[in-house]
Amino acid sequence: MIDLHTHSTFSDGSLTPTQLVLEARTAGIEYLALTDHDTGKGLDEFIAACKENGIYPVPGVEFSVFEDPVTRQQMHILGLFLDHHHPDLTSFEALMKTKRRERAFQIIDHLESDGYRFSNEQKEQLTRLNTISRAHLAKMMIQNNYIHSVDEAFDRFFGVGKPYFLPKPQFSPEYIIGLIHNLGGLAMLAHPVYLNCNSYSELKSIIQDLKRSGLDGVEVYYPKTPKSMIHQLLTWCDELDLLISGGSDFHGKDIRPEIALGKGTGHLYIPNILIDQMQKRLHQNK
Ligand code: AMP
Ligand code: MN
Ligand code: MN
Ligand code: MN
């Protein structure tokens, strides 16, 4: 069993990289990628834990590309098999750490000016995080009894286009794909279902544009992706010579706790052979 999309406490996951690997071993995972948001800082611990537990580690990062408040489209691209010590990643991580922190405190200022309150301890806890996401702000709002769920925070407060929404730095897909290639990795379009396309022809034309920008593959197997879309994506990957990837987007108990490693909500099945195809492509690229 394989899972090529997971998160740890280095972004908005609930488990440390070591705890994630132990859970993966129990779940019977053979190949595992850690793909924290905009950071590879958890990857040294992750790789060491994988080696100790007989799991094949795939070093990854889930890059935020853009979020458009008008179309409500959000694009994430996964970099897999990348060199997480590369200086280009180090500078990207530093930029995103600062910008994410600034954004979080701007959102908090806005909420406080409307009467919501957060303790100094909560704010200090935020500054200790490696990658601050809106999911952390959602947890604070739940703690303070302003809302009941993380989804409610996004639906009512800071989801794309909602009153307290603020964007992260925006990048072109070309830039992020180029960065991933500089790191020696493969660039995979994450969860195409979240692109919120109105039709399959719109989705196909986005994927064709990305392919022209150097995209290597698409995350076809994903818990929220309907069967009919999976079928379409498989056809397009074949037609456009794109690799096929798959992952659960496991975050642990705080975000979408119903998602299990490797299995998603139970129906996810990611064939092991996808790893061989990726390794073949990496070998050709050398
Ligand atoms: P950010 O990294 O600040 O853009 O925050 C978005 C993160 O919150 C994503 O990585 C998701 O894992 C998580 N999340 C949880 N619930 C939602 C939701 N309803 N909509 C968008 N993101 C969500
Ligand atoms: Mn997340
Ligand atoms: Mn994502
Ligand atoms: Mn993710």
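The values are calculated or read from the model by the stated rules, or taken from the named source; none is laboratory data. A quick note: this is a predicted structure, and the numbers were derived from the prediction, not measured. In this analysis, Cβ positions are derived from the backbone assuming ideal geometry, glycine residues included, and neighbour counts consider all displayed protein chains.
Looking only at residues of region 35-90 that are under 15 Å from the mean Cα position of the chain (by Cα) and acidic (Asp, Glu), we find that the one that is farthest from ligand 4 (Cβ to nearest atom) is Glu67.
In region 60-84, the residues that are modelled with pLDDT under 95 and in a loop (DSSP other than H, G, I, E, B) form Cβ pairs under 6 Å with partners that are among the small types (Gly, Ala, Ser) and within 12 Å of ligand 1 (Cβ to nearest atom), at six or more places apart or across chains, as follows: Pro69/Gly161; Arg72/Gly161. Just one residue in the set Met96, Met75, Met1 is touching a strand residue (DSSP E or B) at 6+ places or on another chain (Cβ under 7 Å) and aliphatic (A, V, I, L, M); that residue is Met75. Of all residues in region 136-164, exactly one satisfies the criterion of being part of a loop (DSSP other than H, G, I, E, B) and of a type in the set (Lys, Arg), namely Lys162.
Among residues that are modelled with pLDDT of 95 or more, at positive phi and either crowded, with 24+ Cβ neighbours inside 10 Å or not in a strand (DSSP E or B) (or both), Gly54 is included. With the structure loaded, tell me whether Arg212 is surrounded by fewer than 16 Cβ atoms within 10 Å (Cβ to Cβ), of a type in the set (Lys, Arg), away from ligand 1 (no atom under 14 Å from the Cβ) and more than 17 Å from Asp38 (Cβ to Cβ) or whether it fails that test. Taking the combined requirement at face value, the residue satisfies it.
Scanning region 92-101 finds one or more residues that are without any contact (Cβ under 8 Å) to a residue 12 or more places away in the chain and under 26 Å from Tyr175 (Cβ atoms). Taking the conditions (1) over 23 Å from Phe250 (Cβ atoms); (2) surrounded by 12 or more Cβ atoms within 10 Å (Cβ to Cβ) in turn, Ser119 satisfies each one other than (2).
Taking first residues from region 4-23 that are among the charged types (D, E, K, R) and partners that are outside any loop (DSSP other than H, G, I, E, B), the Cβ contacts under 7 Å between residues at least 6 apart in sequence or on separate chains come to Asp12/His37; Asp12/Ala135; Asp12/His136. Of all positions in region 181-193, at least one carries a residue that is within 16 Å of ligand 4 (Cβ to nearest atom) and in a helix (DSSP H, G or I). If the condition is being under 22 Å from Gly79 (Cα atoms) and touching a Lys or Arg at 6+ places or on another chain (Cβ under 8 Å), then region 242-268 contributes Leu242, Leu243, Ser248, Asp249.
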